[in-house]
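Everything below concerns the one structure shown next.
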Amino acid sequence: MTKEQHDYGKIIIGGHDDNHDVMTSVEAADYLKMHVKTVCRLAKERKIPAKKVGSEWRFLRSVLDKWLAQEEVVSS
């Protein structure tokens, strides 16, 4: 681990790990093939996993992958 990297559990901040990439709302929207306004709205409504950092949303690729893989419960 270099001095620019910090180990917080299994997530290395400052390093490159495709499974734990931190994405902006624009990057997350591109990854999810959604409009950025939709991604931000879903984050604000807590329908998509995200963290607010200042005035910006941040998304972990690995968490989005898990969210996408969840089976949706459809109520009748």
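The alpha carbon convex hull volume per residue for the stretch 18-61 rounds to 63 Å³. Going by amide H atoms built from the backbone, whose H comes under 5 Å of the H on Trp57, apart from near neighbours? For Trp57, the qualifying residues are Ser25.
Rule-based calculations on the coordinates, nothing more; no lab input. All values reported here derive from a predicted model rather than from experimental measurement.
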